[in-house]
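Laboratory data are not the source of any read-out in this text; all were calculated from the coordinates shown. Nothing here was measured: the structure is a model prediction, and the numbers come from that model. Heads up, the Cβs are rebuilt from the backbone with ideal geometry, glycines too, and the neighbour counts pull from every protein chain shown.
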Amino acid sequence: MDSHETYYDPEALYDRLTDGVLREARPIVFLFGSAITAPLSANGLGVPGTSQIVDLIRAEFSTHDALNGLEQALRGAANQYQEAFHYLLGRRSQEVANEIIKRSVWRARKPVSQQTYIPSVTTDDQACQTLDSDIDGWYLSPAVEAVGKLAAYYPDHFGKQILTTNFDPLLEVAIQRQGGRQFRTVLQRDGYLSQTTAEGCHVVHLHGYWHGADTLHTVRQLAQDRPRLKHSLSQILKDKTLLVCGYGGWEQGLFNKFVWVDCKEESERFENRLISILVRESKGTVSGNDLSHLNIVAISEQLVRVISSTKYLFVFDNIDHYVDLENNVLVANADAFLRVFLAAGLLSRVIFTCRPSVQYSGPDTLSLRLEGLSVSATGPRTDIKKPLNGVSEERNLKRKPMWIRNSIRNTI
């Protein structure tokens with residue numbers, strides 16, 4: 001595969017989504033995240049972003065101990081939104097989590113319709129369904145409005161299916177306002193998308209909906225195995241182009257465990273690194289002494305069995321000395337492990353980092369070349385002004401190794 005990814009400019013994207021779509025007759029499937037329905041200003045209408053929703057969760061706790069516990073949990077969290085909901089679910093209920101979402105979605109209602117009412121756990125689904133039908137009572141961002149026009153005016157190109165992780169009805173409202181037809185599928189667990197059929201644009205809510213279903217927020221909820229949905233998505237996306245907008249993804253939800261191995265030490269054999277991982281992840285059910293008598297294929301197969309039910313992300317860092325420079329592949333034992341890993345068809349992933357080029361053919365491998373700093377970027381800065389702790393930036397930088405100094409100069 002190509003060792004260097006190419007990224008095109010906005011003009012190329014625009015051309016592909018206009019003339020390109022007409023030329024290829026290849027429909028577009030949208031995947032929308034929360035950014036498309038977010039407020040355009042701090043106090044504007046729209047569904048609040050993750051930080052504002054975390055504030056709503058903070059307001060749920062009135063005692064010092066509970067609130068302090070939340071702040072401590074958030075302080076070390078890689079994803080504060082997920083951690084806040086995890087904390088909330090342990091001290092309240094799924095119904096309270098759903099109420100938080102109802103109150104968030106409610107902020108996309110126009111002021112004339114909003115009055116002083118705020119949804120709560122006692123707000124029934126029938127009341128929310130009535131609001132779904134009040135298509136003039138919702139505020140739509142320019143982006144959502146544009147999507148409604150595309151789906152309604154060009155249904156064959158843009159209005160077959162729309163996927164979203166959002167909980168609100170704004171995409172459906174936008175389509176209806178333009179005279180288009182739509183129908184909805186809500187999945188908070190596994191399921192086939194073909195379970196819902198009707199005329200119009202099929203809007204699929206992948207993480208639940210603001211009423212009538214639970215909503216998904218935590219790593220455990222988002223990382224649940226959903227084979228039926230996976231199969232349905234593979235069918236929907238066949239012979240179509242997926243366009244992702246306003247969606248950052250849930251990196252922490254993709255994997256349950258992260259294993260990083262520094263391979264810089266050249267004297268350490270690759271199979272010994274695998275044995276260390278295997279002993280640790282098997283929680284002592286296999287011993288290093290027993291594994292030391294096995295060949296690399298047997299060790300790799302043992303590891304595959306141990307990790308088969310969990311989504312792992314393995315990073316083998318600095319593997320330069322495990323690379324066959326003549327053939328641009330991994331050396332014998334590392335290569336054997338990779339082939340066993342790929343043949344197993346796991347949900348886990350493995351990343352190798354190195355300076356030499358490594359190339360494998362096949363759809364399950366990808367080689368990416370990460371460019372370093374340009375010559376101009378490593379030059380001295382002439383605009384250093386602000387002191388750091390009373391010491392100039394230039395003096396601070398001189399205390400660091402040269403490669404760090406050059407990198408910091410490029411980012412200060």
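Data table
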{"read-out": "Ordering of 50-62, 313-325 by packing [mean C-beta count within 10 Å, highest first]", "value": "313-325, 50-62"}
{"read-out": "Virtual spin-label span in nm between residue 320 and residue 25, 7 Å along Cα→Cβ", "value": "5.4 nm"}
{"read-out": "Expected-Rg normalisation [2.2 N^0.38 Å, Cα atoms] applied to region 250-341", "value": "1.10"}
{"read-out": "Above-threshold pairs, the threshold being 27 Å between Cα atoms, out of 264/311; 283/311; 149/240; 102/257; 110/240", "value": "102/257; 110/240"}
{"read-out": "Proxy reagent accessibility, fewest Cβ within 10 Å first, across 101, 296, 36", "value": "296, 36, 101"}
{"read-out": "Calculated FRET efficiency for the pair residue 269/residue 290, C-beta based, R₀ 22 Å, to 0.05", "value": "0.85"}
{"read-out": "Per-pair calculated FRET efficiency, R0 = 41 Å: residue 328 and residue 244 via Cβ, rounded to 0.05", "value": "0.85"}
{"read-out": "Relative contact order of region 258-324, pairs being alpha-carbon contacts under 8 Å that are 6 or more residues apart, as %", "value": "57 percent"}
{"read-out": "Net length gained if the chain between residue 298 and residue 226 were fully extended (0.36 nm per residue, minus Cα distance)", "value": "22.9 nm"}
{"read-out": "R0 of 56 Å, Cβ-Cβ distance residue 311-residue 66: FRET efficiency to nearest 0.05", "value": "0.95"}
{"read-out": "Estimated inter-spin distance, residue 59 and residue 259, nm [label 7 Å along Cα→Cβ]", "value": "4.5 nm"}
{"read-out": "Segment residue 237-residue 15, extension gain: residue separation times 0.36 nm, minus the distance between their alpha carbons", "value": "77.8 nm"}
{"read-out": "Ordering of 264-270, 286-292, 334-340, 204-210 by packing [mean C-beta count within 10 Å, highest first]", "value": "204-210, 334-340, 286-292, 264-270"}
{"read-out": "Label-point separation, residue 35 to residue 52 (7 Å along Cα→Cβ), nm", "value": "1.7 nm"}
